[in-house]
1. What does the net charge come to around V47 if you take all other residues with beta carbon closer than 13 Å to its beta carbon, with K and R at +1 and D and E at -1?
2. Expressed in whole Å with the largest first, what are the equivalent ellipsoid semi-axes of the stretch 42-113 derived from the C-alpha gyration tensor as the square root of 5 times each eigenvalue?
3. Using only the Cα atoms of the stretch 243-392, construct the convex hull and provide its projected area averaged over every direction, in square nanometres to one decimal.
4. Using θ = phi - 60° and the Karplus form 6.51 cos²θ - 1.76 cosθ + 1.60, what ³J(HN,Hα) does each residue of the stretch 337-347 get, whole Hz, x for Gly and Pro?
5. Per Stokes-Einstein, at 20 °C and 1.002 mPa s, what whole-number D in µm² s⁻¹ belongs to the chain, with the Kirkwood radius over Cα pairs as the hydrodynamic radius?
6. Any idea what the relative contact order of the stretch 44-278 is, in percent, if you count C-alpha pairs under 8 Å spaced at least 6 apart?
7. Which value in Å does the Kirkwood hydrodynamic radius of the stretch 44-278 take, with 1/r averaged over all unlike C-alpha pairs and then inverted?
8. Pairing the Cα long axis of helix 281-302 with the longest principal axis of the chain, what angle in degrees results, from 0 to 90 and rounded to the nearest 10?
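Taken together, the values in this text are just the output of simple stated rules run on the coordinates, not laboratory data. Here the structure is a predicted model, which means the values were calculated and not measured. Here the Cβ is made from the backbone with ideal geometry for all residues, glycine too, and neighbour counts use every protein chain on show.
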Amino acid sequence: MYDAARELDRNDPLALFRDRFEPLEPGLIYLDGNSLGRMPRRAAEDVILAAKQGWGQRLIRGWNDGWIDMPTRLGQKFAGIIGCEPDEVVVCDSTSTNLFKLASAALRDLAPRRRIVSDASNFPSDLYILQGLGEVVLSDDLATDDETALVSFSHVAFKSGAIRSFESVTAVAGDAFVLADISHSVGVVSMDIHQVPLAVGCCYKHLNGGPGAPAFLYVRKDVQDRLHNPLQGWIGREDPFSFHIDYQPKQGIERWQVSTPSVLSMVAMEAGLDLVLEAGIGAIRRKSIQLTEYFIALVDAYLPEFVLASPREPEHRGSHVLLRHPEAWRITRALIEQANVIPDFRAPDGVRFGFAPLYNSFEDVAEAVRRLQNIMETKAYEAFAAERPTVT
């Protein structure tokens, strides 16, 4: 097991990126980057500098030192990550808020049509937002009808890691708007986002932007001025510092901003964006496939108690793998509290392992499987309670 892992690590072109992240406590294996990515070393330095020199010394003058342009400047960096033009992405708000803005705009544009098609594997928070906007029809194949205004889906399913291709959705959407949530794919899966007109995503998973990092939204250029932001905040207004009482939206992607940018949070996330751009999304995707393939092969060989709940075909799988077991919750606790391996639990019976190509090694994968194998052989998980805390 270890010889193969070490050989893969020796031939890994991304191996040097591991040292660009804050070191972990000795012996810890972190396989939860699809929920919260590790902190780049530069991020802490950038935030301290921005706080002391920007906020501390420049004070309000900092807005004209570049703060006010951060949403679009960081948005421009997404072009090489998701395959769009630099003026088609803006960093702002949260994923749910951005989803609300774009979904509302699509429904307004195609009124009186109010039907929204999604599927049960979409992220629940997305479904909650959509349910507050119109009639949501769940359909595994996302098939539409004449009353459908919007098709909304997750590019990579948050539980199984299954990829739903943009082409397969646009093929059945007709003239309805298509809105993709790319939170679990951005920064780790190659994509041509131009195949869909609308997308949202978060920056704290594979982009390593930090807990609660600002999100982003993408609007393809051909629909930017056709759609209207329902949250008419002052930063999305033309010449906001004129303080006119009537709202006149900015042109292009900037109209999708709402309120004052979260400067220190945006400073923290830029280091992660730069690492992804430096490594290249193609190289990251290749290693992601290798990591998940290697993990699945080891599970097949050493962990027969588990059921693979992710696609076996790498082209249909993102960068996380879900294993099912009736004792998944207690096994997850044993991994974290006894074996020093951090995955996460997904109800009702899933242990989810997220693989981050920029800092996870193949030896990490082999050692995590060995520790899990020991838990299963000794039934160490039986020492842990079945009750769950608020966050799992």
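1. Overall, the nearby charge balance is -1.
2. They are 32, 15, 11 Å, listed from largest to smallest.
3. Seen from a random direction, the Cα hull of the stretch 243-392 projects 13.4 nm² on average.
4. Running phi through 6.51 cos²θ - 1.76 cosθ + 1.60 with θ = phi - 60° gives 8, 10, 8, 6, 10, 10, x, 9, 9, 10, 4 Hz.
5. 97 µm²/s
6. 23 percent
7. 18.2 Å
8. Approximately 30 degrees, to the nearest ten.
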